[in-house]
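The values are calculated or read from the model by the stated rules, or taken from the named source; none is laboratory data. The structure presented is a predicted model; accordingly, all values stated were derived computationally and were not measured. When we count neighbours, we look across all protein chains shown, and the Cβ atoms used for this are built from the backbone with ideal geometry, even at glycine. When the accessible area is computed, the model is the full protein with side chains, heavy atoms only, and any ligands, DNA or RNA have been set aside. Shrake-Rupley method; radii C 1.70, N 1.55, O 1.52, S 1.80 Å.
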Amino acid sequence: MRLDIDRVTIEAAGIRLVEDVRLAVDSGAFVGLVGPNGSGKSTLLRSVYRALRPAGGAVRLDGDDVHTMDPRAAARVLAALPQESSAEFDFTVAEVVAMGRLPHRNRTAASDRAVCARAMERTGVAHLADRGFLSLSGGEKQRVLIARALAQQPRVLVLDEPTNHLDIAHQLDVLRLVRGSGLSVLAALHDLNLAAAHCDVLHVIDRGRIVASGPPHDVLRPDLLADVFGVRAHRVRHPVTGAVQLLFDLHPPTTT
Amino acid sequence: MRRTAPTVRRRTAPRRISVLPLSLLLGVLLALSLLCGAGLGAAGIGWSEALRFLWAGLTGGTVPAHDAAAYTIVWEIRLPRVLLGAVAGAGLAAVGVAVQAMVRNALADPFVLGISSGAAVGANAVILLGALAGLGVWALSVSAFVSALAAMALVYAVARSPRGLTPLRLILTGTALAYGFEAVTTVMVFGAARGEATRSAMMWLLGSLGGATWAQLPLAAVTVAAGWAWLRLRAEALNALAMGDETSAALGVAPSRIRRELFLVTAAVTGTVVAVSGAIGFVGLMVPHVVRMLVGADHRRVLVVAPLAGALLLVWADLLSRLLLAPAELPVGVITAVVGVPAFLLLMRRGGDAFGGR
């Protein structure tokens with residue numbers, strides 16, 4: 001399924017957080033959104049999974065505006081991993097995953113169980129089913145949330161910094177799981193090298209506007225990184241995969 | 001292949017009790033407790049007699065003339081009181097569950113929204129100032145309910161924001177306005193010259209089922225049942241909301257909308273319960289926690305068990321409140337606190353992780 005963000009503008013308390021953003025996620029593509037802190041990544045994603053309503057423009061799934069669709073109908077095709085975690089109520093892993101079934105109609109307890117069991121198998125958390133979600137490690141939690149998203153049986157997946165606070169093995173593991181899901185994916189990522197290695201297309205967002213778009217090796221240019229992130233970057237090739245990777249200097253780019 | 005060694009479990013997996021047997025057990029206990037409530041009391045009416053009166057009342061039978069006074073005590077005073085206790089307990093427990101999910105705070109209870117304090121203003125205007133005297137015996141309930149609705153409208157209007165009703169705004173608004181309402185009540189209590197009225201006001205503020213009549217029951221029961229049914233239908237949405245507003249939105253449950261609905265339902269049930277029984281504390285805070293410890297956090301289960309547990313607790317608390325110092329009566333809120341606090345602390349210390357996180 002194709003996701004289109006069409007000239008989306010988002011305002012909060014009179015401040016324009018996202019301005020005239022246009023980007024598309026083709027069916028089955030893994031699209032990354034990178035940008036400095038406060039650039040509007042999360043805000044933009046929140047408008048995609050309907051936690052925010054844009055002031056202008058539209059978010060479309062195969063042409064249908066997600067903000068005029070029935071919320072549950074939208075949730076049947078689009079799942080999200082927001083960047084929040086409540087620590088107030090101790091649901092078990094199985095209960096958290098089962099929440100993914102909420103938007104679906106015509107379901108039975110048995111079909112829900114089967115779908116959830118498959119989702120937990122795919123993300124390798126079946127053995128945690130009876131554990132309390134709050135007692136899990138960060139990596140386990142993220143896999144459980146991916147299982148919940150898969151239990152939603154969506155066709156588009158939106159991820160807000162899914163690798164935050166994870167060690168490197170778990171970062172790679174999470175991205176591999178997402179990649180292997182075959183869904184159309186839009187992910188905000190902090191780590192430019194992870195983004196370069198995993199994304200088909202990257203969009204760079206800065207102060208609420210998209211400033212560059214394209215395949216990672218075209219987008220991650222030293223001049224752009226100096227402009228947007230204020231760092232000096234050196235491009236190298238990954239010795240095995242050939243993907244572009246970056247090495248950074250602490251010096252500000254002006255002191256060449 | 002997973003390289004990581006199997007993690008050592010810091011605690012054992014949460015132990016969960018199946019809902020069906022637990023509900024059946026609580027249901028049977030509740031039925032027996034209702035009988036106890038009707039059979040026991042200060043008047044010293046024997047068990048077999050009390051059962052005979054109940055049977056006569058249920059089947060429309062007759063009782064001998066010399067039993068008329070005892071029959072009236074069992075059928076007209078005790079039974080509506082016990083039933084109202086069950087209804088109020090069920091309502092407070094169900095609303096407690098919902099309010100905790102709505103404001104995503106395990107310390108919330110039905111009164112955190114300021115509705116009971118608002119109701120208290122109306123109730124005390126009747127008790128202390130003799131307001132609405134034209135309504136007779138209904139004055140107290142009507143006044144309490146109307147002022148609960150007014151308080152609810154005020155809290156809603158103040159807590160609203162462009163982003164809808166957010167948990168923090170709801171709690172802060174409810175708490176702040178509750179202080180205001182309590183100040184008004186306090187002024188009325190201080191201003192009242194009559195000692196007995198002040199005592200009644202105190203009784204009402206701490207909660208009492210002493211004024212229960214058959215006439216109050218239908219409306220309270222229907223409101224609690226309808227509110228509970230609605231909450232149970234929304235149990236999965238409550239689960240989503242408990243995980244966070246963003247998660248909820250992503251699962252197709254618009255948080256602002258569900259919170260608005262929850263506010264109306266919980267306020268209506270709270271207002272109704274408070275109007276007939278005063279502000280009985282602790283049931284709406286403790287029962288949801290204890291039930292979550294027993295059956296887990298899933299609201300589909302919590303909302304089945306909690307009303308039964310709340311009803312059971314309040315029936316016994318009320319029974320104790322009228323037996324301990326018979327023929328004098330303690331406010332039932334004192335009993336829920338005396339019984340509840342130690343039980344609650346004990347369970348909390350043993351409950352570990354199941355208790356509102358770490």
Among B:Ala309, B:Ala328, B:Ala275, the single one that is surrounded by 23 or more Cβ atoms within 10 Å (Cβ to Cβ), modelled with pLDDT under 85 and out of contact with any His (no Cβ under 9 Å at 6 or more places or on another chain) is B:Ala275
Considering every residue within region B:200-223, establish whether at least one is of a type outside the set (Ser, Thr, Tyr), surrounded by fewer than 22 Cβ atoms within 10 Å (Cβ to Cβ), out of contact with any helix residue (DSSP H, G or I) (no Cβ under 6 Å at 6 or more places or on another chain) and more than 29 Å from B:Gly130 (Cβ to Cβ).
yes
Provide a single number: the residues in region B:287-298 that are farther than 13 Å from B:Val95 by Cβ and part of a helix (DSSP H, G or I).
7
Which members of region B:84-123 meet the condition of being more than 14 Å from every other protein chain (Cβ to nearest Cβ) and modelled with pLDDT of 90 or more?
B:Leu84, B:Gly85, B:Ala86, B:Val87, B:Ala88, B:Gly89, B:Ala90, B:Gly91, B:Leu92, B:Ala93, B:Ala94, B:Val95
Scan region A:208-226 residue by residue and report those that are farther than 17 Å from A:Gly40 by Cα and open to solvent by 70 Å² or more (accessible area, probe 1.4 Å).
A:His217, A:Asp218, A:Arg221, A:Asp223
Which numbered condition in (1) at pLDDT 90 or above; (2) farther than 19 Å from A:Val48 by Cβ; (3) open to solvent by less than 20 Å² (accessible area, probe 1.4 Å); (4) of a type in the set (Val, Ile, Thr) is the only one that A:Ile205 fails?
(2)
Across region B:195-218, what is the number of residues that are farther than 14 Å from B:Ala144 by Cβ and modelled with pLDDT under 80?
6
Helices (runs of 4 or more DSSP H) contained in region B:13-92 and holding at least 3 residues free of Cβ contacts under 8 Å to residues at least 40 places away in the same chain, farther than 30 Å from B:Arg300 by Cα and open to solvent by 70 Å² or more (accessible area, probe 1.4 Å):
B:47-59
Restricting to region A:144-156, and then to whatever is more than 9 Å from chain B (Cβ to nearest Cβ) and among the hydrophobic types (A, V, I, L, M, F, W, C), can you tell me which residue is most open to solvent (accessible area, probe 1.4 Å)?
A:Leu150
Residues that are aliphatic (A, V, I, L, M) and part of a loop (DSSP other than H, G, I, E, B), drawn from region B:249-264
B:Leu251, B:Val253, B:Ala254
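Do we find a residue being part of a helix (DSSP H, G or I), more than 22 Å from B:Leu238 (Cα to Cα) and aliphatic (A, V, I, L, M) anywhere in region B:102-111?
As a first pass, look at region B:102-111 and keep what is part of a helix (DSSP H, G or I): B:102.
If we keep only those that are more than 22 Å from B:Leu238 (Cα to Cα) as well, we get none.
No, because not a single residue in region B:102-111 is part of a helix (DSSP H, G or I), more than 22 Å from B:Leu238 (Cα to Cα) and aliphatic (A, V, I, L, M).
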Taking B:Gly281 as meeting all but one of (1) part of a loop (DSSP other than H, G, I, E, B); (2) within 14 Å of another protein chain (Cβ to nearest Cβ); (3) over 24 Å from A:Leu102 (Cβ atoms), write down the number of the exception.
(2)
Name the one entry in A:His198, A:His234 that is buried (at least 18 other Cβ atoms within 10 Å of the Cβ), at pLDDT 90 or above and away from chain B (no Cβ under 14 Å).
A:His198
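If we only count strands (runs of 3 or more DSSP E) wholly inside region A:174-256, which ones have 3 or more residues that are more than 30 Å from A:Met120 (Cβ to Cβ)? Outline the logic, then answer.
Numbers: elements: A:184-188, A:201-206, A:209-214, A:232-237, A:244-249.
Passing ranges, in order: A:201-206, A:209-214, A:232-237, A:244-249.
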Which residues, counting only those in region A:114-143, are surrounded by fewer than 16 Cβ atoms within 10 Å (Cβ to Cβ), of a type outside the set (Gly, Ala, Ser) and either within 14 Å of another protein chain (Cβ to nearest Cβ) or assigned to a loop (DSSP other than H, G, I, E, B) (or both)?
A:Glu121, A:His127, A:Asp130
Of all the residues that make up region A:71-94, how many are out of contact with any His (no Cβ under 7 Å at 6 or more places or on another chain) and either without any contact (Cβ under 8 Å) to a residue 24 or more places away in the chain or in a helix (DSSP H, G or I) (or both)?
12
Run down A:Val97, A:Val21 and say which single residue is away from every other protein chain (no Cβ under 11 Å), touching a residue at least 24 places away in the same chain (Cβ under 8 Å), buried (at least 22 other Cβ atoms within 10 Å of the Cβ) and part of a helix (DSSP H, G or I).
A:Val97
Total residues in region A:77-87, condition within 7 Å of chain B (Cβ to nearest Cβ) and buried (at least 19 other Cβ atoms within 10 Å of the Cβ):
3
Cβ pairs under 6 Å, 6+ apart or interchain, first in region A:120-133 and farther than 19 Å from A:Ser181 by Cβ, second assigned to a helix (DSSP H, G or I) and small (Gly, Ala, Ser), ordered by first then second residue, are A:Ala129/A:Ala94
What number of residues within region B:238-262 are open to solvent by less than 20 Å² (accessible area, probe 1.4 Å) and of a type in the set (Ser, Thr, Tyr)?
2
Test of understanding: among B:Ala326, B:Ala337, B:Ala317, B:Ala306, which residue is closer than 16 Å to B:Gly37 by Cα and assigned to a helix (DSSP H, G or I)?
B:Ala317
Flag if A:Arg50 is in a helix (DSSP H, G or I), open to solvent by 20 Å² or more (accessible area, probe 1.4 Å) and modelled with pLDDT under 95:
no
For region A:59-76, the count of residues that are within 10 Å of chain B (Cβ to nearest Cβ) and either under 11 Å from A:Val156 (Cβ atoms) or of a type outside the set (D, E, K, R) (or both) equals 6
Going by what's in this entry, would B:Val265 be described as crowded, with 24+ Cβ neighbours inside 10 Å and either at pLDDT 85 or above or within 30 Å of B:Leu79 (Cα to Cα) (or both)?
no
